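The values are calculated or read from the model by the stated rules, or taken from the named source; none is laboratory data. Remember, predicted model here, so these are calculated numbers, not experimental data. With ideal geometry, Cβ positions are generated from the backbone for all residues, glycine too; neighbour counts draw on all protein chains shown. Each accessible area value is taken on the protein alone, full model and side chains, heavy atoms only, with ligands, DNA and RNA left out. Shrake-Rupley method; radii C 1.70, N 1.55, O 1.52, S 1.80 Å.
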Amino acid sequence: MKSIKYLLCITIIHILLYNCGGHYHGVTFSSVNLPDSIAIMLENEYGHGGNTGASNHVINLVDRNNYLFGNSIYSYKGQGPHYPRKLFVYQEPVLFFFSEYVDRASDKQQFLMELDSSARMLNLGEERIRVYYKIIQDYFHEEEGINYGMEIKELK
């Protein structure tokens, strides 16, 4: 009887550890530590009345393990599965927000034009521009097919 209880306990622990162990790569619980002034701008820029928690979900796309705020390109999103990710670039002292969520090929062209204009405005060097283009290409790949609940499919 003791061995059955022991086996049951071990099984429950393994199930809990597996479910809480972060096996889904799209979820991150760490966020860049933002200054309050930047956090407020992010909330206001995201929309939805500034009450989305977008400033709590910021990731440095150049180095995802860097939680210090500085010159880089970042993704941010509201709390919950239906808030799409958005991007911004910070090059001290300027913050540049990309206009919208990208989900179609035509949007990608517009998005790259925005990056080009932001690169000139922010005085980004050629190497940094190359890095940002690669990051945005990866962003398109990660976002492909995700609609954040914008489409409701009928059950068959």
Problem - Sequence-distant residues sharing a close amide H with LEU61 (under 5 Å, placed H) - result: ILE73, TYR74, SER75
Problem - Accessible-area composition of region 30-75, carbon plus sulfur, in percent [1.4 Å probe] - result: 45
Practice task
Using packing as a proxy for protection, rank 88-97, 118-127, 69-78 so that the peptide with the highest average count of other Cβ atoms within 10 Å comes first.
Solution key: 69-78, 88-97, 118-127
